[in-house]
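Participant: Sharing a structure with you now.
The values are calculated or read from the model by the stated rules, or taken from the named source; none is laboratory data. Model, not experiment: these values are computed from the prediction. Neighbour counts are summed over all protein chains in view; Cβ atoms, including those assigned to glycine, are modelled from backbone coordinates with ideal geometry. All accessible areas refer to the heavy atoms of the entire protein, side chains included, with ligands and DNA or RNA removed. Shrake-Rupley method; radii C 1.70, N 1.55, O 1.52, S 1.80 Å.
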Amino acid sequence: MKAINLFLILILSLICQPLGRAQDQSVYKVQMLVGSGKNIEAKSAVISLESDRIKIRGSKKPFETKYISFTEIESADYTFSDRPRYTVATLGALAFGVAALPVFFMKTKKNWLTINADKNSAILQLQSDNYRMLLLAMQSKGIKISDSGNRDELEKVQKDTKENSEKEKRQKKN
Amino acid sequence: MKIFTSLLFVFLFVTSNWSQNQKDLTTAGARAQKSVEIIRQFAALGTGSLPFEYLQKAKAVAVFPGLTRVNILLNELTLGNGIVAVRSADDKWSVPVFLALKAQDINLKMAGKKSFDAVVLFMDDESIEWMKKGDVGFTSNGKRKIALGPVIGGKGADDLMKTAKVIYYAFDQGKLIDTGLSTDSFFKAVGILHDNNMNKAVFGMKTKPLFAAPESSLKIPAEIEKYRTVLIEVLPRTSSGQNADQMDYNKQPIK
């Protein structure tokens, strides 16, 4: 009898496994920026889209599960940064000399999603193998996301605009 | 005896060529079939999605199923074969033609292997001319850029589409991924070449004359014709030639 029970449990677990995997398809792994004291830490989390809200659940404790209702979202902004690997390149240059020179030209792409909501906001670092599907899935739920492009270029443009406006103000004063 | 030996050699030569040709035809059919599946996966992203909008606007659609990426000692090589159809001014699709893709880059990985599918969209006539000439090299310098197609609208997508005449979408098991054919890296080079061997086996001529050949002079195998059929099916146009993006589509949810 025990053998039959064990056999049944085994069969059930085998049947349930693909169902579990199928449910995982709408779950996306991300890194969430969380403020702890003066520092900002990136914590592993999973984001899932429910019928009317976004659920952000931490992979490790302590991490409060965050819910952001679709109607609450004021704006969502996608940006990416594309920076050379200076740290790796410098370490490589110290270890391997000139042979590590190509690493200075190699870039790492990081994808970011900022969700601004009425009460809750979130800054997420997205993974390269799922961020495109996540953005499409969010948009299909009616969330308007804007692609702001390269974060560094955006910051440069904002800085230049600010400097220009300050210059104009100074000139007007003179 | 000499005559018998000569006849045997001729027989062996003919049968080996015939079997090679049969093998190429089977490979071509399988490649077209896989490409059809990938176009359907693309359509499943939803007719209201930005990738689908670009698919509608593309002047030529190439699919490279099962591109293989190999990393060996900091070198990254991507190799594979595909199929392309070009849309004419009168809204018809050309005979599907076989292409090859080769890409080279450097990567910190010492060893590794990955497989993915790519849909390459040629967005204007100039980019189609590059492809028709063959041996088209895409690099980070100059105007010959190939970029990862945007998924959502905004400033970033607009800026990218101003500079890239050729965009691509990469798929892994039907899901959009961010994997590199983009020529944004200093060492990256991507070549879209003619697959002359396959075109010779299927149509009896090399790629360049094939692009110029009238359709009536070609015998298109049914399995290869399916690629063109799926493009007509997925990207319908009205009889008046109205662009598909002006049509009223029912937005489909993402699966």
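Participant: Pairs only if they're at least six apart or on different chains, beta carbon under 9 angstrom, first in segment A:135-160 and farther than 24 Å from residue A:51 by Cβ, second modelled with pLDDT under 90 and aliphatic (A, V, I, L, M); list them, first residue then second.
Facilitator: A:147/B:160; A:148/A:154; A:149/B:160
Participant: Take residues that are at pLDDT 90 or above and tell me which of the strands (runs of 3 or more DSSP E) falling wholly in segment B:84-140 contain 1 or more.
Facilitator: The qualifying strands (runs of 3 or more DSSP E) are B:97-106, B:111-122.
Participant: Could you tell me whether any residue of segment B:144-162 is in contact with a Gly (Cβ under 6 Å, 6 or more places away or on another chain) and within 30 Å of residue A:99 (Cα to Cα)?
Facilitator: Of all residues in segment B:144-162, those in contact with a Gly (Cβ under 6 Å, 6 or more places away or on another chain) come to B:155-156, B:159.
From what is left, the residues that are within 30 Å of residue A:99 (Cα to Cα) are none.
No; the residues of segment B:144-162 include none that is in contact with a Gly (Cβ under 6 Å, 6 or more places away or on another chain) and within 30 Å of residue A:99 (Cα to Cα).
Participant: I would also like to ask the following. Which of the residues spanning segment A:132-174 are facing chain B (nearest Cβ under 7 Å) and assigned to a helix (DSSP H, G or I)?
Facilitator: A:132, A:133, A:135, A:136, A:137, A:139, A:140, listed by residue number.
Participant: Looking at (1) closer than 24 Å to residue B:47 by Cα; (2) out of contact with any strand residue (DSSP E or B) (no Cβ under 9 Å at 6 or more places or on another chain); (3) of a type in the set (S, T, N, Q), which one does residue A:75 not meet, given that it meets all the others?
Facilitator: The single condition residue A:75 does not satisfy is (2).
Participant: Could you please find all residues in segment A:104-131 being among the hydroxyl-bearing types (Ser, Thr, Tyr) and more than 9 Å from every other protein chain (Cβ to nearest Cβ)? Let's see the steps before the verdict.
Facilitator: So in segment A:104-131, the residues among the hydroxyl-bearing types (Ser, Thr, Tyr) come out as A:108, A:114, A:121, A:128, A:131.
The answer is A:108, A:114, A:121.
Participant: Something else about it: Report, by residue number, each residue of segment B:141-168 that is modelled with pLDDT of 85 or more and either facing chain A (nearest Cβ under 7 Å) or farther than 19 Å from residue A:148 by Cα (or both).
Facilitator: Hits for segment B:141-168 are B:150, B:151, B:152, B:153, B:154, B:155, B:156, B:157, B:159, B:165, B:166, B:168.
Participant: Take residue B:38 and tell me if it is modelled with pLDDT of 85 or more, assigned to a helix (DSSP H, G or I) and among the aliphatic types (A, V, I, L, M).
Facilitator: Working: modelled with pLDDT of 85 or more: yes; assigned to a helix (DSSP H, G or I): yes; among the aliphatic types (A, V, I, L, M): yes.
Considered against the rule, which asks whether it is modelled with pLDDT of 85 or more, assigned to a helix (DSSP H, G or I) and among the aliphatic types (A, V, I, L, M), residue B:38 comes out as yes.
Per-residue answers, yes or no, for (1) over 15 Å from the mean Cα position of the chain (by Cα); (2) open to solvent by less than 70 Å² (accessible area, probe 1.4 Å):
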position: A:129; (1), (2): no, no
position: A:134; (1), (2): no, yes
position: A:147; (1), (2): no, yes
position: A:155; (1), (2): yes, no
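Participant: Out of all the residues in segment A:49-73, which are within 14 Å of chain B (Cβ to nearest Cβ) and either among the hydroxyl-bearing types (Ser, Thr, Tyr) or free of Cβ contacts under 8 Å to residues at least 24 places away in the same chain (or both)?
Facilitator: Narrowing segment A:49-73 to residues within 14 Å of chain B (Cβ to nearest Cβ): A:49, A:51.
Passing the criteria: only A:51.
Participant: Please find, among A:76, A:89, the residue that is modelled with pLDDT of 90 or more, under 21 Å from residue A:152 (Cβ atoms) and within 14 Å of chain B (Cβ to nearest Cβ).
Facilitator: A:76
Participant: OK, next. Among the residues of segment A:8-28, is there at least one that is modelled with pLDDT of 70 or more, open to solvent by 100 Å² or more (accessible area, probe 1.4 Å) and on the phi < 0 side of the Ramachandran plot?
Facilitator: no
Participant: Also, I was wondering about something else. Might you check whether a residue that is modelled with pLDDT of 90 or more, open to solvent by 60 Å² or more (accessible area, probe 1.4 Å) and not in a loop (DSSP other than H, G, I, E, B) occurs anywhere in segment B:46-59?
Facilitator: First, pick out the residues of segment B:46-59 that are modelled with pLDDT of 90 or more: B:49-59.
Remaining after also requiring open to solvent by 60 Å² or more (accessible area, probe 1.4 Å): B:53, B:57, B:59.
Next cut, not in a loop (DSSP other than H, G, I, E, B) only: B:53, B:57.
Yes; the residues of segment B:46-59 include at least one that is modelled with pLDDT of 90 or more, open to solvent by 60 Å² or more (accessible area, probe 1.4 Å) and not in a loop (DSSP other than H, G, I, E, B).
Participant: May I pose another question? Exactly one of (1) more than 20 Å from residue B:107 (Cβ to Cβ); (2) modelled with pLDDT under 90; (3) within 14 Å of chain A (Cβ to nearest Cβ) is unmet by residue B:185. Its number?
Facilitator: It fails just one condition, (1).
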